[in-house]
Amino acid sequence: MTVSQPVILVTGSDLAQEALDLLTNFEIIYAGRQPSEDDLCLLCEKHDPVAIIVRYGKITARIMDAAPHLRVISKHGSGIDVIDQKAAAERHISVQSAPGANAAAVAEHAWTMILACAKSVLPLDRRMRQGHWDKSTHKSVELEGRTLGLIGLGAIGARVARIGNAFGMNVIAYDPFAKTFPDGCHSSSLDALLQNADVISLHCPLTEDTRKMINSDTLALCKKGAILVNTARGGLIEDDDLLRSLDNGTISWAALDSFTIEPLTAPHVWQYVDNVILSPHIGGVSDTSFVKMGTAAASNVLKVLAEPLKNEGVLP
């Protein structure tokens with residue numbers, strides 16, 4: 001008689017082999033690249049997973065209720081705002097994340113976007129392809145001596161800060177929860193940061209306190225011509241307000257790697273704004289971080305499943 005293995009549901013189409021090597025005692029079910037709530041509910045009802053590893057999509061109370069033996073929801077990365085944490089707590093389901101696993105990848109992507117904005121990489125490329133030679137008229141933004149303002153100073157923000165310091169920038173950060181600041185990075189209030197920063201880079205989680213924190217009021221404080229980069233969460237920005245700031249020159253360039261609704265629907269207004277650089281929320285996905293996030297997510301699953309059941313004090 002064959003004994004079936006417990007199931008782990010992955011809301012994606014793959015995991016790093018190194019992660020799979022940790023989970024050989026489980027059956028892995030993939031939900032695909034863009035699973036809907038209905039898709040995930042059907043898979044939970046069919047397979048009754050003990051764990052969900054979250055790559056894409058949101059995990060709602062309805063999905064949790066479709067998996068009566070679910071014990072852990074493990075994020076393939078650090079952002080757990082896509083998981084209904086209140087619903088998980090009410091159902092005694094552990095929520096785990098992998099902070100820092102993709103920090104290097106996101107920090108590198110943030111700097112790629114900062115430099116692309118400051119050095120006009122995309123418009124210069126377009127002009128060259130159209131036959132123009134703008135050497136006598138173009139002037140890029142030199143970052144040395146300019147101010148880099150970081151909103152959020154976790155593992156990613158701290159890396160971005162250190163790189164800014166290496167560029168010779170004045171680095172300031174707003175993070176009411178930060179206990180330490182990297183060398184060369186100074187604490188700032190949010191208002192002071194917005195008023196003084198030539199480059200603003202977002203690295204904070206999406207919470208009720210930070211939702212739409214970049215809006216008409218905060219953008220009005222910004223230094224004219226500032227660059228805004230978001231490799232965190234799309235919900236941090238009020239899109240219509242940013243669009244107006246880009247149009248009137250308050251913000252000279254924006255670079256966006258995350259969006260309020262993902263995947264970005266087409267046609268979308270950002271596709272037609274020349275001073276916006278777009279990428280499809282891939283800042284945290286590199287060859288190395290894919291392995292780090294996968295193994296961290298798998299290890300978190302194993303850690304929780306090795307613990308005795310706490311639900312109502314009943315042991316398995």
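Listing for the model above:
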| read-out | value |
| --- | --- |
| Relative contact order computed over the chain (Cα-Cα under 8 Å; 6+ residues apart), in percent | 18 |
| Anisotropy class of region 215-265 from Cα gyration tensor, a/c 1.5 cut | prolate |
| Sorted by Cβ density within 10 Å, fewest first, the residues Arg55, Arg129 | Arg129, Arg55 |
| Ranking of Leu219, Leu264 by count of other Cβ atoms within 10 Å, fewest first | Leu264, Leu219 |
| Leu302, Leu150 arranged by Cβ crowding within 10 Å, fewest neighbours leading | Leu302, Leu150 |
| Euclidean distance of C-alpha centroids, region 235-288 and region 60-76, integer Å | 31 |
| Selection from His281, Gly12, Ala107 lying farthest towards where the dipole of the chain points positive, charges on Cβ | Ala107 |
| Alpha-carbon centroid distance for the pair region 121-150 / region 7-34, whole angstrom | 43 |
| Cβ-Cβ FRET estimate between Ala155 and Glu262, R0 fixed at 22 Å, reported to 0.05 | 0.50 |
| Theoretical FRET efficiency, 1/(1+(r/R0)^6), r = Cβ-Cβ of Lys46 and Glu18, R0 22 Å, to 0.05 | 0.20 |
| Prolate/oblate/rounded label for region 212-316 (Cα gyration tensor, a/c 1.5) | prolate |
| Structure-derived Rg and Dmax of the Cα atoms in Å - corresponding label in (1) 19.6, 72; (2) 21.8, 79; (3) 26.2, 108 | (2) |
| Relative contact order of region 172-215, pairs being alpha-carbon contacts under 8 Å that are 6 or more residues apart, as % | 31 |
| Segment Thr288-Asp191, extension gain: residue separation times 0.36 nm, minus the distance between their alpha carbons | 31.3 nm |
| Net length gained if the chain between Val121 and Lys179 were fully extended (0.36 nm per residue, minus Cα distance) | 17.2 nm |
| Top positive-direction residue, dipole computed over region 103-283 with Cβ charges, set Leu243, Ala255, Leu190 | Ala255 |
| DSSP H segments from the chain that extend 18 Å or more along their own axis, Cα-based, with Kyte-Doolittle mean of 0.5 or above | 103-118, 287-305 |
| Amide H contacts under 5 Å for Ser97, placed H, 5+ residues apart | Lys75 |
| Size of electric dipole in region 191-312: Cβ of Lys, Arg +1 and of Asp, Glu -1, about Cα centre, debye, nearest 20 | 300 |
| Cα gyration tensor category, rounded, prolate or oblate, for region 1-73 with a/c compared to 1.5 | oblate |
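Since every read-out is calculated from the coordinates, none of them should be taken as a lab result. Keep in mind it's a predicted model, so treat the numbers as computed, not measured. With ideal geometry, Cβ positions are generated from the backbone for all residues, glycine too; neighbour counts draw on all protein chains shown.
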